[in-house]
Ligand code: IPM
Ligand code: MG
């Protein structure tokens, strides 16, 4: 039997609650399939460890997980640790060295969930956002001098390379080609940013020539927020820079009903390193320990992990179980306006898996 070793990193806040739920559902899914199993190794990396030891993960942390088949990540962030320290100490410390340059964020309105957009239903909002995940505005280039003085100066330089842009464009065009509509929107801001964004547009056009069967268009990021809101059905696959896609994916999640259901995959498409799967909701300190965190974002991330591992039938089965559960409003957690608990939703998904005979 194929056995997958997964590094589970719950991180902070509700991370441990949703990862425990995710492990339960993924274990049930593997059991229902019978052809493979998961072995989870647990890593206590996060803000608590940072406060005690000064580091989010051990010095040889990446070596400990580089041989795993995938990483299941909860969230990173604590109220008493500055956010940029957390991000660079944990999430980016894994994503960047493991060259997980393609961040994939599907958005759909799942059955039973109501979009805040009036009259918009399931089929009209079915997007995948591809986020450049290795450079751009998150390159980490910049500095700060003369701290505290009137002449203090700080820069964050966004950095784009031809290699980085070409590979994310190629990934996005290929993903668009694999979807029925074969439609890609390239998000840009080349009217105001006249160097890197112009190169971004040029490389998009070059790569487009390799994909004559994909229809593509270009959208300025500000106008894109309107198109997502007013004409959601005109979009399918979307590619954007690290920061633009960060912002647009929160909008996408909200338009699909809740940040609590949105999944993400940080992929190293060449499979030289493990890829990382995580819900995008973050650590949500306001609801920590209450048992009401929505585990659907983690389950859907699990679906993406199964696809990546080459278990498409199990991935489809888990997605069917998720949709059966969201369709039942009595199983909605408070972020969706319901009263269900994490445990109830998890049990319902496991029951749906057990009862799925397709
Ligand atoms: C995301 C998050 C992170 C990001 C935060 C937690 C730093 O918003 O994954 O979208 O900006 O990348
Ligand atoms: Mg974000």
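None of the figures in this text is laboratory data; all of them are computed from the coordinates on show. These numbers come from a predicted model, not from an experiment. Backbone-built Cβ (ideal geometry, glycine too); neighbour counts: all protein chains shown.
Output the antiparallel fraction of DSSP beta bridges having both residues in the chain, as a percent to the nearest 5.
45
Can you work out D for region 115-256 in µm² s⁻¹ from Stokes-Einstein, where Rh is the Kirkwood radius over C-alpha pairs, the temperature is 25 °C and the viscosity is 0.890 mPa s? Display every interim value, and only then the final one.
Working: Rh = 16.2 Å.
Approximately 152 µm²/s, per Stokes-Einstein.
A simple spin-label model places pseudo-atoms 7 Å from Cα toward Cβ; at residue 272 and residue 192 they are separated by 3.5 nm.
Rg and Dmax of region 1-136, both derived from C-alpha coordinates alone, stand at 17.5, 52 Å.
Taking every DSSP beta bridge that has both ends in region 115-256, the antiparallel portion is near 30%. Across all directions, the average projected area of the convex hull around the alpha carbons of region 212-358 is 11.3 nm².
Computed from the alpha carbon positions, the gyration tensor of region 15-88 leads to an equivalent ellipsoid with semi-axes of 28, 15, 9 Å, biggest first.
Just report the Cα centroid separation between region 166-184 and region 227-270, whole Å. Result: 15 Å between the Cα centres. Stokes-Einstein diffusion for region 63-141, with the hydrodynamic radius set to the Kirkwood value over Cα pairs and evaluated at 25 °C in a medium of 0.890 mPa s, equals 157 µm²/s. Working ranking of peptides 77-86, 281-290, 169-178 by packing, defined as the average number of other Cβ atoms within 10 Å per residue, highest first, is 169-178, 281-290, 77-86. Based on Cα atoms of region 70-198, Rg over Rh with Rh as the Kirkwood radius reads 1.04.
Volume of the convex hull of region 177-287 (Cα atoms only), normalised per residue: 150 Å³. With the convex hull of the Cα atoms taken as the outline of the chain, the averaged projected area works out to 19.1 nm².
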